[in-house]
């Protein structure tokens, strides 16, 4: 039987209070947004607090929100910077990392979204000291999005050649058509 989301929501609110930027439920799971400055404290407590105990990092992925909210029905997508202010994305920054966590002890899952403070040079702290499984996930997010993880012991490309000077999942990346 899955954990009671009401109990999980109450525990998160009690433990973290104003460190939670937002909390929403979708598809039977909670997603919390945490500021970059509070990220390590929140993730450590999610791991260590007995009423939470999210022992496993299931996945970590980078997200580029630069075209979030784009209208593709009228001749192509456009960047968020081109969207009129009244309809601009509600997201504060371009890049985020999403952590998918599992508590086997409490039979619960949670998503944690953290936005990097800088859009031009996105950096967040590494979580390897909390979950060692983050090693390759952080390398992948660096390789594909250019998101750097401060304190990572071996942040280098994992999928692309070392000499590659691009990050293919950036919204501004244009793949060549192969035509010469």
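The values are calculated or read from the model by the stated rules, or taken from the named source; none is laboratory data. All of these numbers come straight from a predicted model, not from anything done at the bench. Positions of Cβ are backbone-derived with ideal geometry, glycine not excepted, and every protein chain shown enters the neighbour counts.
The set of residues from the stretch 105-131 being modelled with pLDDT of 95 or more and outside any strand (DSSP E or B) comprises 126, 127, 128, 129, 130, 131. Among the residues of the stretch 7-26, those identified as surrounded by fewer than 16 Cβ atoms within 10 Å (Cβ to Cβ) and either more than 18 Å from the chain's Cα centre (by Cα) or touching a residue at least 40 places away in the same chain (Cβ under 8 Å) (or both) are 7, 9, 10, 13, 14, 15, 17, 18. For the stretch 124-144, taking the residues that are without any contact (Cβ under 8 Å) to a residue 24 or more places away in the chain and over 12 Å from residue 155 (Cβ atoms), the one that is surrounded by the most Cβ atoms within 10 Å (Cβ to Cβ) is identified as 129.
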